[in-house]
Structure formats: structure tokens, C-alpha cells
Amino acid sequence: MPRRGKPRRRSGRAATIGAVPVQRREAQRLDRQEMLNRVLGRTSPWDMVIIGGGATGVGAAVDAAARGYEILLLEQSDFGKGTSSRSTKLVHGGVRYLEQGNVSLVMEALRERGILRQNAPHLVSDLAFVVPRYDWWEAPFYGVGLKIYDLLAGKYGFGASQLLSREETLARLPTIRREGLRGGVVYYDGQFDDSRLLINLVQTAAEHGATVLNYAPVTQLIKGADGFVQGVVARDLEAGTELRAAARVVINAAGPFCDAIRRMAEPDAVPMIAPSQGVHLVFERSFLPGNSAIMVPHTADGRVMFAIPWHGHTVVGTTDTPITDVSLEPRPLPEEINFVLETAGQYLHHAPGRNDVLSVFVGIRPLVKSGDASSTAALSRDHTIRIDDSGLLTIAGGKWTTYRHMAEDCINQAATWARLPEVPCPTLNLRIHGYADKPPGAGSLASYGSDAAAIEALVKEDASLGRSLHPALTYRGVEVVWAVREEMSRTVEDVLARRTRALFLNARAASEMAPQVAAIMAKELALGDDWKARQVQAFQELASKYLVSPVAGGAMGEPGGES
Ligand SMILES: Cc1cc2nc3c(=O)[nH]c(=O)nc-3n(C[C@H](O)[C@H](O)[C@H](O)COP(=O)(O)OP(=O)(O)OC[C@H]3O[C@@H](n4cnc5c(N)ncnc54)[C@H](O)[C@@H]3O)c2cc1C
């Protein structure tokens, strides 16, 4: 929240706000050149420039554009390259926060969970989570706790929790460790594909008039004579040229990087982020067959761990390790990998080993600092909005699940600060790109929602695009074409990591797919052999970091004797 006693923003012009739309506008291609032309051709200040193309920044762009404000969003890499493609993929209230007594956060998240399922039914699905019980006290303890969780969800509930017998638990979780198993408790939460939702949100923002540009890092903030931030300098990484954009308010939504942006305005800014990283390991589906997830409420270090079925695989995580340096490609620590493997081994009948890991991915939580928190696991997942003396507005913290509510708060504050005409937030019932009344079944294109039919139509035009790109994964050439033509994919990594999820599901298979993906992209983008070779090499180097070496401290993936 803005602090009292701040200098008042100088008076701004009154933006012309059109009728507030509540439904998605006509689908529109994400065309980078067109977006760039808009930035280059702009002669008046934008109402808002947003720095950061993760859930927070893109959510804010959707909200602001849908209110009719003129928005520019700049992302230094690809949309979703940061934390927002590296989550546990849960749309959840957070059972753990209930245990911490943060009832208001849980209620907010449960409400947002329901809103998100309503507005993006093609991407959010219900998932049953089973808490296995090995001790007598776990039935009353978790049984009552999860009933409270159900009650807090109220009309946004996904299903009632219930106690399971040993047999019912084994029916849902055939691979769970059987020795000492008494039964389980099942409850319901949501699951999603984080980077696909992000791309659909970018499309939604663009359909409401936002200008969105990837591969455009902000390198400087421009200050006026009055000391207030009044724009940004960015770099177009493709052309290597400088971009300047004036703004009535600049919103810093750079996630774990937001202190670096704050220091561009005030070099002595006291850091507000306490970054912490979380690691996930991905295995074959056979480790968790069936349609239920496992939730372990108390690991050896007192955290929660999940094993969830996702895109035909099993994702297990996560950890919470405080770190000092933030990077776009954080690396797993050997002890984090060991910890996830050991915990999985305690609950699964066949303990997974290092050879079973198909991919390891790491994300950084942009947690907001709190003076007395003894560990990052104890830091609040609430979001914080702060306006520095320079007028730079920073929004950080929160969760993917609550991105819409965060955006609403952020744009309310930003509009007030910039003295823009007040417009009510329209996102409560705003359908997200891809919304389909009847999601297109469980086929490989299900998560594209209403776009699935247009993608299939491309295969009818060119049957070669229907061919699978790798026997281990369901992706086809047509998805590469779609990602380039419609979703602003610029690199092989964009396609294999965030438009499809190949890198996160199976790093070796993704690496083997790279030459085919580069060939299809080069044809679409009219680029030559040099580009293809560079792209394949860069992607394969990256993919090697998502592999785990067969022996701890070996040659791949992890730091400490690794690549
Ligand atoms: C391990 C882990 C598991 C999680 N699981 C869940 C979950 O299951 N459910 C849930 O609800 N939440 C989950 N979260 C939380 C959620 O993922 C984050 O809160 C959310 O993704 C943060 O989004 P963000 O936009 O703030 O940050 P980011 O996604 O990191 O986005 C910030 C963006 O800013 C860009 N940027 C930085 N500097 C610049 C610059 N100079 N110019 C332009 N752009 C810049 C970055 O490249 C980046 O893309 C999890 C988090 C972690 C770490």
C-alpha cells in the first residue's frame, strides 16, 4: 500500500476510457513486430508501463487493459521465463497456510481458485489429493483440518473431503507404501498448466488492447526534474536497439528481480524480497498411476510435499531454500534433489532413484521480507504493493492462484497514483483466452481450449504437421507452428519449455526434439541454417541442466561437480 506522506503525483491528463468490456474480445495473433511498431510509433505517454511478464505483470496488464487503460508490458526474456512457469501447478487455497493460521489468505485463495476455474475452465481442473495416514491421530487431525478447508471454500468448493479406509486409499494410490498404512483423507483442489495460462493471459491482455513485448529488458528508469519516475528505457534484444517509453505510472512486477528494478530508481533502496527456491523432480506416470495426488503435510523439515499427476507424468516437490542470488535459470542444490528423492521414497512402494528423474526444474519465490520470520517457509504468501519515493510502484509476493486479486489491487493503486479516471475492475467474470464452454476432451490439445479446433485445422492443410515430435511425449509439429504464428514464440526454448512443456516433462526427449522444432520454426520465421544451429546448441545446453546425474555430485544438472 502507498505510504502516507508521499509526494503527490503531479497532475496527469485524463485518459479516455471507453466502455468497460467484460467479455474477451476477438482473438488476435500475438505479433511481435506489430507490438514493436506500436512502441516505436508512440508519441504520448502510456497510462501504465509494466515491467515483468510473469503472472503478476501479465495479470496486471489484463486488468488494466480490460479497464481501458493504455498499457505497455515489457518482459526481459520470454513471457513466463521466471517463476511463473516453475510452480507446483496447483490452483489452491494452501492447506499449509491454514495450519499457519493465515485464514484470510486461504479464504482469498479459495475464492480466486473458484473464479479461475470459472474463467479458464480449459486450464483449471479439479484434482483429488490424498493425505496417507500411518498414525492413529492423523484421522481426527487432518479430517477436521480439511473439513475447515471445505467450509472456508463455501460456494467456491471443489468437493467435500472425507476419510478413506486403507482399501480406499490403496485403490486411489496403488503405489503408496503399504507397511503401516491405516487409511487416508481425501480433499479437492485445483490443478493447471502455469505457462499455458500465462500465454492465454498475454493473449487476453492483447485482445483488450495491451501492447506486450518479450525479449525487451528494462535497463533504466527515466526520472523527471521533479524526481518522479516517468518512463523506462528498454532494449529490443532481437534488433539490439534502444526503446524509450514514457508512462504516467511504472509498475514493477519483476518478481524475484524487483529489488534490482527498485535500485534503478533509488540505488540505496532497502531490499524487500527474501528469495527462496523450490525444486521439483519429474518422473514417469507409473510412479503415481490413477487420478489422485499425494499430499504429505509434514516432511522431515516440516514442509508440505506433493506428488501430482501432470501431463501424463508425475511431478514431486517442492523445497524451500533461502538463496542470495536470483537468476533466470536457478540450479538445484544436490541436497534438494536428495531430499525430494528421500521423501518420495518414504511414501512410494518403489522408491524413485536418480535414474528415474526425467527432468528437474527450479523456481524462485519472490517472498516479501518480514523482520521476524525465522525461515522463508514461514514468510507470508500475501502480496505487497509499495510505492517508493520515486513513485515507482512495486507489487510482489502472493501466489499464482491469487494473481487476479493481486492485479485488481495493483491497478486500483496505480490508477489512483497516476490520477487516471477511476474504472471498476472487470476481471471477476472476464473469460480468459481459450475459454471453452465445453473443454475439448482430454486429448493432447485439451489445454488449448477453444484454439484446439484451429490447431487441428492446420493439420488438415498440412498432414506432416500432425506427426509426433518424439515417442516419449504427445507433442506434434502443428503446436510449433501455432506457437510461432499465434503465441509470439521466438526461440526453440520458448516452444519446448513454455508453449509446450517438453523441457519440464522430459529433458532428454526435449533435447532430441530441438532440431525438428528449430527446422519448423526457421521455416515459419524465414530464418537460415545458422539460426537453426545456434538455437539447437543453446537449447541442448540448457536441457542438460534439467537432467540429474546418475550419481550424486556427478556430471549433469546439479552444481558442485556438474556441468
Ligand atoms: C517452487 C514454487 C512452487 C510454486 N507453486 C505454486 C503453486 O502451485 N500455486 C500457486 O498458486 N503459486 C505457486 N508458487 C508461487 C507462484 O509461482 C509465484 O508467486 C508467481 O509465479 C510469481 O509471479 P511473478 O510474476 O511475480 O514473478 P515471475 O514469474 O518471476 O515474473 C517476473 C518476470 O519479470 C521479468 N523481469 C525481471 N527483470 C526484468 C527487467 N529488467 N525487464 C523486463 N522484465 C524483467 C522476469 O524475466 C520474469 O519473467 C510457487 C512458487 C515457487 C517458487
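Among the trypsin sites (Lys or Arg not before Pro) found in segment 120-206, those both in a DSSP coil and sparsely packed, with 13 or fewer other Cβ atoms within 10 Å of their Cβ, are Arg178. Here the 3J(HN,Hα) profile of segment 105-111, calculated from phi with Karplus coefficients 6.51, -1.76 and 1.60 at θ = phi - 60°, is 5, 4, 5, 4, 5, 5, 5 Hz, Gly and Pro shown as x.
Once the Cα atoms are used to define both axes, helix 403-417 deviates from the longest principal axis of the chain by about 20 degrees.
Amide H contacts of Gly231 (H built 1.01 Å from N, in plane; Pro and chain starts excluded): Ile222, Ala247 sit under 5 Å, all sequence-distant by 5 or more or on other chains. Among the chymotrypsin sites (Phe, Trp or Tyr not before Pro) found in segment 127-184, those both in a DSSP coil and sparsely packed, with 15 or fewer other Cβ atoms within 10 Å of their Cβ, are Tyr134, Trp136, Trp137. Each Lys and Arg contributes +1 and each Asp and Glu -1, all at the Cβ; summed about the Cα centre of the chain, the dipole is approximately 1060 debye. Annotation: aspartates and glutamates with alpha-carbon distance below 14 angstrom to Lys369 (same-chain offsets under eight excluded): Asp259, Asp382.
Suppose we keep just the DSSP beta bridges with both residues in the chain; what percent of those would be antiparallel, to 5?
Numbers: 56 of 74 bridges.
Around 75 percent of the beta bridges assigned by DSSP in the chain are antiparallel ones.
Taking other C-beta atoms within 10 Å as the exposure proxy, Val315, Val480 rank Val315, Val480 from fewest upward. Just report the Cα centroid separation between segment 254-306 and segment 482-509, whole Å. That distance is 22 Å.
For the chain, build the charge dipole from Cβ charges (+1 Lys, Arg; -1 Asp, Glu) around the Cα centre, then report which of Tyr435, Tyr448, His470 sits farthest towards its positive end. Among Tyr435, Tyr448, His470, the one farthest towards the positive end of the dipole of the chain is Tyr435. Taking the centroid of alpha carbons for each part, segment 334-356 and segment 97-161 are 26 Å apart. Across segment 311-325, computed HN-Hα scalar couplings (Karplus, 6.51 cos²θ - 1.76 cosθ + 1.60, θ = phi - 60°) run 6, x, 9, 10, 10, 10, x, 9, 10, 8, 10, x, 10, 9, 10 Hz from first to last residue, x flagging Gly and Pro. Amide H to amide H, with H built 1.01 Å from N, Arg182 comes under 5 Å of Arg133, Tyr134, counting only residues 5 or more places away or on other chains. Annotation: amide H-H contacts under 5 Å for Lys81 (H modelled 1.01 Å from N, sequence separation of 5 or more, or interchain): none.
Exposure proxy shown here: for Met295, Met107, the number of other Cβ atoms within 10 Å sets the order, fewest to most, as Met107, Met295.
Each peptide in 57-63, 510-516 was scored by the mean count of other Cβ atoms within 10 Å over its residues; highest first, the order is 57-63, 510-516. Taking the Cα centre of segment 89-162 as origin and assigning +1 to Lys and Arg Cβ atoms and -1 to Asp and Glu Cβ atoms, the resulting dipole is close to 200 debye.
Please compute the Kirkwood hydrodynamic radius over the chain, one decimal place, Å, based on all pairs of different Cα atoms.
Working: mean 1/r = 0.0413 Å⁻¹.
Value: 24.2 Å, from the Cα pair sum.
In a DSSP loop and with at most 13 other Cβ atoms within 10 Å, there are no trypsin sites (Lys or Arg not before Pro) in segment 235-280. Report note on the peptides 300-306, 407-413, 359-365, 112-118: ranked by the mean count of other C-beta atoms within 10 Å, highest first, their order is 359-365, 407-413, 112-118, 300-306.
Derived scalar couplings between HN and Hα for segment 343-353 equal 5, 4, x, 6, 10, 9, 4, 9, 5, x, x Hz in order, rounded to whole Hz, by the Karplus curve 6.51 cos²θ - 1.76 cosθ + 1.60 (θ = phi - 60°), x for Gly and Pro.
By the count of neighbouring beta-carbon atoms within 10 Å, fewest first, Phe228, Phe504 end up ordered Phe228, Phe504.
Every number in this text was worked out from the coordinates using simple rules, so none of it is lab data. Remember, predicted model here, so these are calculated numbers, not experimental data. Cβ sites come from the backbone with ideal geometry, for glycine too, and all protein chains shown count toward neighbours.
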